[in-house]
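Taking it in order: structure first as structure tokens, then the write-up.
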Amino acid sequence: MLDQTIVTGLGNIYVDEALFKSHIHPERIASSISYEECHKLQKAVVEVLSRAVEKGGTSIRSYLNSLGEIGMFQLELAVYDQTGEPCVVCLSPIVKTKVGGRGTHFCPTCQVISD
Ligand SMILES: [Zn+2]
């Protein structure tokens, strides 16, 4: 997902959050992802995006929506911008790494490379 070949234009924030939700390591190669994982990931993307819309978007730095309001979704972020913070599930510190030139955040315990 990070190389944007399957889903294009999905913000890094939502990619990080959706991968976390589906327990998929950001360095997993798309072709190694099973049908079930793919299904889980698809569901997670939809959940993360609709939740973000519900919360008025995500305000990292100084983004304001068209009404000049800040979004509130950043208060619910599990991994994005949480480097060193405890994972909401297992308390392991969140790690930031680079995949395909993009920074990505993940939990090294919850998101494993192989099953
Ligand atoms: Zn974790």
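None of the figures in this text is laboratory data; all of them are computed from the coordinates on show. Keep in mind it's a predicted model, so treat the numbers as computed, not measured. Methodologically, a virtual Cβ is constructed for each residue, glycine included, from the backbone with ideal geometry; neighbour enumeration extends over all protein chains shown.
Worth a mention:
- Take the Cα of Thr109, go 7 Å toward its beta carbon, and the backbone nitrogen atoms of segment 16-44 under 20 Å from that spot belong to 17-27.
- Shape call, segment 75-115: gyration tensor on alpha carbons, a/c limit 1.5: oblate
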